[in-house]
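Here the structure is laid out as structure tokens; the discussion comes afterwards.
Here, each number is a calculation from the coordinates, and none is a lab measurement. Because the structure is predicted, anything quoted here is derived from the model rather than measured. Note: ideal-geometry Cβ built from the backbone for every residue, glycine included; neighbour counts use all protein chains shown.
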Amino acid sequence: MRVTHAWLVVIVLAGAGASLAGADELRSPQSFSSIGNQADRSRALFVEAGRVLQHPRCLNCHPAGDRPSQGEDQHPHSPLVVRGLDDKGAIALRCATCHEAANFAPSGVPGHPLWHMAPRGMAWQGKSLGEICEQIKDPRRNGDKTLTQIHEHLAHDTLVGWAWAPGGNREPAPGTQAQLGALIAAWIETGTACPTR
Amino acid sequence: MSITLNVNGTRREFDGDPDTPLLWAIREQLGLTGTKYSCGIAQCGACTVHVDGVPLRSCSAPVAAMTGRAITTIEGLASRVAKAVQKAWVDLDVVQCGYCQSGQIMSAVALLEKKPKASDEDIDHALAGNICRCATYQRIRAAIHLASERLASKEGA
């Protein structure tokens, strides 16, 4: 009886561990190689990358309006802040008024030297993953960036990288920035197909 | 660890943990208590100082990051704009309990330094992070407009 009980505990713990690992990790591009159709594979790669792009750590600063959101529930930023003329805040209430060069544990305020909002044209909140995908590869709506520059931004921009080291009790984006970069590179290589929704 | 600070144009030494919030350095070690502690999480604006001429919440910045930067507290405000703002504050009797007012003035001065003819919207956006539990917001706005008008006239010269 005791042995049976112990096995149940092991099975339950193992199952919980596997579930948590799955939620935190990103699949590798190679794991999509069984999808024979290239366009379908490209779409699947973007859907996986979308787990990062649609994570609150990214969406909070890609708002549809002039005000960012915050938290896992993406509530309006408090205090009220607006993007201003340069996406770095209003006169006398800049992003850097509160957000310093690094996360600051005593106040719990996150930080990075380049803290700012994504330009209005790069709004992601309220959009489907398919809409975000089309927007990302459209130079008229992505800040006139090439696909190479998009990859560079997502794979190496240190402010994007903050999403994996957000400090405090903020949930990091899934996987790693390198894994996201690999998925985006593979999505580009396979033709940048977008999900239909 | 000893850190040299430039506070109100004077060289001051801070000795302690480099992660200490700037607020504690200026209040506890330097004795400049005009800057107030309230929320401690950059939500209320009572701890606002100027660093290199722009507002900063001193509760949310490590003192180690202040090396080589010019810190101005409410005690050190001395510009033409600052004097006009302080006079308008007194003339309109803006203050009620007063606890938040040094932070309000620091933000108001920073606004008018950058935009002398500030609109209501400019004021709302610039001071949205400065909370007043006495709700003196209407008098704050009026005082900023008064200071702005005086600065544009001979009275503020």
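Quick rundown of the values:
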| read-out | value |
| --- | --- |
| For residues of B:102-110, the mean tally of beta carbons on other chains within 10 Å | 1 |
| The range A:29-189: radius of gyration and largest Cα-Cα distance (Dmax), Å | 16.1, 55 |
| Rounded FRET efficiency, nearest 0.05, which uses the C-beta distance separating B:R11 from B:S79 and R0 of 22 Å | 0.60 |
| Centre separation in Å (Cα based) which lies between the range B:49-69 and the range A:82-105 | 13 Å |
| Highest average packing first - A:138-149, A:109-120, Cβ atoms within 10 Å | A:109-120, A:138-149 |
| Antiparallel bridges, percent of DSSP beta bridges restricted to the protein assembly as shown (to nearest 5) | 90 percent |
| Ranking of B:C97, A:C58 by count of other Cβ atoms within 10 Å, fewest first | B:C97, A:C58 |
| Relative contact order (%) - criterion: Cα under 8 Å, at least six apart; region: the range B:26-157 | 27 percent |
| Listed pairs A:K88/B:K117; A:K127/B:K114; A:K137/B:K114 exceeding 30 Å between Cα atoms | A:K127/B:K114; A:K137/B:K114 |
| Shielding of A:98-110 by partner chains, average beta-carbon count, 10 Å | 6 |
| The range B:2-75: antiparallel DSSP beta bridges as a percent of all, rounded to 5 | 85 percent |
| Kirkwood-Stokes translational diffusion coefficient of the range B:1-75, alpha-carbon pairs, 20 °C, 1.002 mPa s, µm²/s | 180 µm²/s |
| The range B:101-131 and the range B:9-48: distance between their alpha carbon centers, rounded to Å | 21 Å |
| Ratio of the Cα radius of gyration of the protein assembly as shown to 2.2 N^0.38 Å, where N counts its residues | 1.22 |
| Ratio of Rg to Rh over the range B:50-157 (Cα coordinates, Kirkwood Rh, two decimals) | 0.96 |
| Spin-label pair A:S34/A:H156, simplified geometry with 7 Å Cα→Cβ offset, distance in nm | 3.4 nm |
| The range B:36-86 - Rg and Dmax from Cα coordinates, angstrom | 11.6, 33 |
| For B:125-133, mean number of other protein chain Cβ atoms within 10 Å | 5 |
| Computed label-point distance, nm, for sites B:S119 and A:L85 using a 7 Å Cα→Cβ extension | 1.3 nm |
| Quotient of C-alpha Rg and 2.2 N^0.38 Å, computed over the range A:97-197 | 1.18 |
| FRET E, pair B:A142, A:T196, Förster distance 56 Å, beta-carbon r, rounded to 0.05 | 0.50 |
